[in-house]
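Q: Please read through the structure below; I'll follow up with questions.
The values are calculated or read from the model by the stated rules, or taken from the named source; none is laboratory data. Fair warning: this is a prediction, and the values are worked out from it, not measured in the lab. Positions of Cβ are backbone-derived with ideal geometry, glycine not excepted, and every protein chain shown enters the neighbour counts. For the accessible areas, the whole protein counts, side chains as well, though only heavy atoms, and no ligand, DNA or RNA atoms are used. Shrake-Rupley method; radii C 1.70, N 1.55, O 1.52, S 1.80 Å.
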Amino acid sequence: RPASAAAGLGARGRRALRNAYRRVDRQLRDLTDEAPRRRDHAQALVAEHSRATVVAITRETIEEARKRIGDGESCPSYEDLVQAIDGSAQSAFAPSLRHVINATGVVIHTNLGRAPVSEEAAAAMREAAASFTNLEFDLASGERGSRHVHVEQLLCRVTGAEAGFAVNNNAGAVLLSLMALGKGKEVILSRSQSVEIGGGFRVPDVMRQSGAKLVEVGTTNKTYVSDYQAAIGARTALLLAVHSSNFRISGFTHFVDAPELVELGREHGIPVLHDVGSGALLDTAKFGLGHEPTVQESVEAGVDLICFSGDKLLGGPQTGVIVGKKALIERLKKYPLARALRIDKVSLAGLQATLLHYLQDEAVEKIPVWRMIAMPLDSLAHRAERWRQALQGLGEDAEVVDGLSTVGGGSLPDETLPTKLLSIQVGGNSRSVAGVLASKLRSGMPAVVGRVERGKLLLDSRTVLPEEDAQLITAIRKALS
């Protein structure tokens, strides 16, 4: 009520009051004009993320703002609050598992998901995931079938074993074998093979979990057949051999090989279980590496049960494969734990497609792990140079340098392959600056993971698939800009 409020005021007071009302009027008009835009923004958020999510995130954002104000910070603007709500909503709905370009130089990088599968395997996995399948249905008879039939014959043909099947990973394969054959009994293992691999997986812990009693023989560096012989007793159920995974003992050593262990086992009627780890089906020595024991070699030696991973040197999806003597394989299939560890239809489809590559003699051309290992140095140099040329004009020091790649995944410790690296030096020789660039690349879409050494960011061309080159270049240019 301007008139009544102005009563009793002088001319100067009335002017001040009129000016105050004009300011309030302008602010009200601004709010009225702004309201539709703000309402539209809120409705857009609700349409994209759902009302319940936006309401919950809004409450969390406002509560966080109140805490900051209580700590002495200034009150955020409306726009700041909306931006924070929008960002939180985007993060809440963004998939956390996403595509990463592996430029680390580690071919089988456990933290990056181990082996990528071939295009054919990926297509088979997509089809199995998106539709019904004959997973446990016999199409010929119309009766219930077994999921094991989809890979058993392939495993037998590739490895030469009498029988085989797959579970969800190799740790599960080893645990199942120990429980089914050694629970409540003794399992003999060389002390040099009582190992721990990535993620804290320890053989003695798995042995305890299985209910079998571990009997260690020999010493860290030397174990003989006579050590096993002396430990065999009435309660001995298995002779166990385990791949050493990420380390190697060299120098003053002696170890018992698979044929010797098999011979001893046959003398006493005790089966031999061999965890070969990486699942190599090809001779790594042909690619300039040391020799990694193959599954076929264990089969030829007469090992009764062989366990290995599907997502290491085999180059397939995460699985644990067990091959060996038919009678023992049937016992494992029927053991109750087998159901808890059984492989799903998607992984089964990928494993089937991967095994077919080996049968068709196309593993080196089709399976990404073997493509990386077999890639010639001149091809790597050509690709790394193309990366460098694509970065010209961005003002950074980039050059192609020599380097070494590793196989990784617990395979071939201390073995390396020559490679070509793109070395990027940003703003002088500073590790912190290179770390900032590495961080930007990791936060991109797709993420790029390299390594920082001596103030330089290094990107290894061996572990980047050729079909990822364009994405890599785009990601680097974006991070540098």
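Q: To the nearest 0.05, how large is the calculated FRET efficiency for Asp71 and Ser481 if R₀ is 35 Å and r is the Cβ-Cβ distance?
A: In this case the efficiency is close to 0.45.
Q: Still on this structure, I have one more. Per residue of the stretch 407-418, what does 6.51 cos²θ - 1.76 cosθ + 1.60 with θ = phi - 60° give for ³J(HN,Hα)? Whole Hz please, x for Gly and Pro, Karplus curve as stated.
A: Going residue by residue, I get 6, x, x, x, 9, 6, x, 6, 8, 9, 10, x Hz, with x marking Gly and Pro.
Q: Restricting the calculation to Cα positions, tell me the Rg (one decimal) and the Dmax (whole number) of the chain in Å.
A: That works out to 31.7, 120 Å for Rg and Dmax.
Q: Top to bottom by accessible area (1.4 Å), largest first, where do Phe165, Phe255 land?
A: Phe255, Phe165
Q: Can you give me the long-range amide H partners of Asp304? Hydrogens built in the peptide plane at 1.01 Å from N, cutoff under 5 Å, separation of 5 or more residues or another chain.
A: Val272
Q: Convert each backbone phi in the stretch 110-123 into a coupling constant with the Karplus relation 6.51 cos²θ - 1.76 cosθ + 1.60 (shift: θ = phi - 60°), then list the ³J(HN,Hα) values in order as whole Hz, x for Gly and Pro.
A: Computed from phi, the couplings for the stretch 110-123 are 4, 5, 9, x, 6, 7, x, 8, 5, 4, 5, 5, 4, 5 Hz.
Q: Using a probe radius of 1.4 Å on heavy atoms only, what accessible surface per residue do you get for the chain? Whole Å² is fine.
A: It amounts to 51 Å² per residue over the chain.
Q: Full extension from Thr110 to Leu394: what is 0.36 nm times the residue separation minus their Cα-Cα distance, to one decimal in nm?
A: 98.9 nm
Q: Report the charge-dipole magnitude of the chain in Debye, nearest 20, computed about the Cα centre from +1 at each Lys and Arg Cβ and -1 at each Asp and Glu Cβ.
A: 2840 debye
Q: Can you tell me, using C-alpha contacts under 8 Å and at least 6 residues apart, the relative contact order of the chain as a whole percent?
A: With pairs under 8 Å counted, the relative contact order is 19 percent.
Q: Sticking with this structure for a sec: What is the sum of charges around Gly105, taking Lys and Arg as +1, Asp and Glu as -1, for the other residues whose C-beta is under 10 Å from the C-beta of Gly105?
A: +1
Q: Using each residue's phi in the stretch 129-135, evaluate 6.51 cos²θ - 1.76 cosθ + 1.60 at θ = phi - 60° and report the 3J(HN,Hα) Karplus result to the nearest Hz, with x for Gly and Pro.
A: In residue order, the calculated couplings are 6, 8, 8, 6, 9, 8, 3 Hz.
Q: Taking amide hydrogens as modeled 1.01 Å from N in the peptide plane, which residues meet the under 5 Å criterion relative to Ala212, leaving out close sequence neighbours?
A: So Ala212 has HN proximity to Gly184.
Q: Which of the GluC sites (Glu not before Pro) found in the stretch 81-142 are loop residues per DSSP with 15 or fewer other Cβ atoms within 10 Å of their Cβ?
A: Glu136
Q: Calculate, in nm to one decimal, what Asp205 and Arg144 gain on full extension: separation in residues at 0.36 nm each, minus their alpha carbon distance.
A: 18.2 nm
Q: Would you check the accessible area of His49, probe 1.4 Å, heavy atoms only, in square angstrom rounded to 10?
A: The accessible area of His49 comes to roughly 10 Å².
Q: If the chain between Ala16 and Asp283 were fully stretched, how many nm would it gain, using 0.36 nm times the residue separation less the Cα-Cα distance?
A: Extra length available between Ala16 and Asp283 comes to 86.8 nm.
Q: How are the C-alpha pair distances of the stretch 387-476 spread across 5 Å bins, as whole percents from the shortest bin up?
A: Taking all Cα pairs of the stretch 387-476, the binned fractions are 3, 14, 22, 26, 20, 11, 4, 1, 0 percent.
Q: While we're on this one: Out of the total accessible area of the chain (probe 1.4 Å, heavy atoms of protein only), what percent is carbon and sulfur?
A: 51 percent
Q: So how much accessible area does Lys183 have, in Å² to the nearest 10, using a 1.4 Å probe?
A: Rounded to the nearest 10, that gives 120 Å².
Q: Counting pairs of alpha carbon atoms under 8 Å apart in space and at least six apart in sequence, what relative contact order in percent does the stretch 31-152 give?
A: For the stretch 31-152, the relative contact order is 13 percent.
Q: Sticking with this one: Rounded to the nearest 500, what is the chain's calculated 222 nm mean residue ellipticity when only DSSP H runs of at least 4 contribute -39500 (n - 2.57) each, over all residues?
A: Result for the chain: -14500 deg cm²/dmol, rounded to the nearest 500.
Q: Would you calculate the separation in nanometres between label points at Leu135 and Glu263, each defined as 7 Å from the Cα along the Cα-to-beta-carbon direction?
A: 4.6 nm
Q: Next up: Quick one: dipole size for the stretch 111-268, taken about the Cα centre, charges +1 on Lys/Arg Cβ and -1 on Asp/Glu Cβ, in debye to the nearest 20.
A: The dipole of the stretch 111-268 has a size of about 560 debye.
Q: Between the helical axis of 149-159 and the dominant principal axis of the chain, each derived from Cα atoms, what acute angle in degrees is found, rounded to the nearest 10?
A: So the inclination is approximately 60 degrees.
Q: Going 7 Å from the Cα of Arg191 toward and past its Cβ, which residues in the stretch 204-224 have a backbone nitrogen under 16 Å from where you end up?
A: Answer for the stretch 204-224: 204, 214-224.
Q: Putting +1 on Lys and Arg Cβ atoms and -1 on Asp and Glu Cβ atoms, find which of Val187, Ala173, Ser131 reaches farthest to the positive end of the dipole of the stretch 106-219.
A: My answer, from the dipole projection, is Val187.
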